[in-house]
Amino acid sequence: LPSDPVKTLGYSLPAVALIQAVNILFTIPKSEPVAKSSGNKKKKQAKSRVSQTTILGLVLSMLLTPFIHLIYVLFGAPVTVSIPATFLLSAHTALLALFPLLCTFPLDGVTWTNIVALKAPVTPAYTAALGTIAGAWLGAVPIPLDWDREWQTWPVTVVFGAYVGNAVGRLVGVVISGKK
């Protein structure tokens, strides 16, 4: 990653999308149980609904990537240099934070207002999104330090922080939601 962030982030993006999609496909049915007496038709409809939700979430995540790019720029990302690196960082952030939220929560104004206001129900998807954001923010801390290390270049530490934050957030969500 440090030697060529654009190449690494670009090549890993499809794998991250696939891993996240498989994760969604296996976790959403658990949160939307199908009645046992419903038969094969209901199960097929539920699987179709989950597949459609996953595809819609993936498309919306990618459509929101430029918005996330703008947020990174407003928080201090390079404006005129490293544009591909920032855009790919934004795509990874969208897949880590937004994609699970878009697949887990309904697409209505009240729900998303609660998500932004930090009033949403605690789920692994929600805590993973919060962890991704916090991790990316904390990952930016070492960049301005005067160490002149290769791993300090933009966006290496931010990507690392986002992934660590996502993992920690997801784990916290599983533990907290498992206690209820």
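The condition (being among the aromatic types (Phe, Trp, Tyr), more than 12 Å from the chain's Cα centre (by Cα), part of a loop (DSSP other than H, G, I, E, B) and surrounded by 16 or more Cβ atoms within 10 Å (Cβ to Cβ)) is satisfied by just one residue among Trp154, Trp147: Trp154. Of Leu95, Leu102, all but one fail to be at pLDDT below 95, in a helix (DSSP H, G or I) and under 25 Å from Gln52 (Cα atoms); the exception is Leu102. With the condition kept exactly as written, say whether any residue in region 66-74 is more than 18 Å from Trp137 (Cβ to Cβ) and modelled with pLDDT of 95 or more. Yes, some residue in region 66-74 is more than 18 Å from Trp137 (Cβ to Cβ) and modelled with pLDDT of 95 or more. Annotation: Val122 fulfils all but one of (1) within 24 Å of Thr104 (Cβ to Cβ); (2) part of a helix (DSSP H, G or I); the unmet one is (2). Would you mind stating whether Gly173 is under 24 Å from Ala17 (Cα atoms), modelled with pLDDT of 90 or more, touching a Pro at 6+ places or on another chain (Cβ under 9 Å) and in a helix (DSSP H, G or I)? When the stated conditions are applied, Gly173 passes them. Look at (1) modelled with pLDDT of 95 or more; (2) of a type outside the set (Val, Ile, Thr); (3) closer than 23 Å to Gly173 by Cα and you find that Leu63 fails only one, number (3). When the residues of region 1-30 are filtered to those that are closer than 20 Å to Tyr126 by Cβ, touching a Pro at 6+ places or on another chain (Cβ under 9 Å) and not hydrophobic (A, V, I, L, M, F, W, C), the one that is modelled with the highest pLDDT is Gln20. The residues in region 129-144 that are assigned to a helix (DSSP H, G or I), aliphatic (A, V, I, L, M) and either surrounded by 18 or more Cβ atoms within 10 Å (Cβ to Cβ) or in contact with a Pro (Cβ under 9 Å, 6 or more places away or on another chain) (or both) can be counted, and the count is 4. Answer yes or no as to whether Pro106 is over 11 Å from the mean Cα position of the chain (by Cα) and within 22 Å of Pro14 (Cα to Cα). Here the answer is no, as Pro106 does not meet what is asked. What residue, among those in region 53-92 that are part of a helix (DSSP H, G or I) and small (Gly, Ala, Ser), is farthest from Val6 (Cα to Cα)? The residue in question is Gly57. Summed over region 116-128, residues that are without any contact (Cβ under 8 Å) to a residue 40 or more places away in the chain and surrounded by 12 or more Cβ atoms within 10 Å (Cβ to Cβ) total 2.
The values are calculated or read from the model by the stated rules, or taken from the named source; none is laboratory data. These numbers come from a predicted model, not from an experiment. Reconstructed Cβ throughout: ideal geometry from the backbone, glycine too, with neighbour counts over all protein chains shown.
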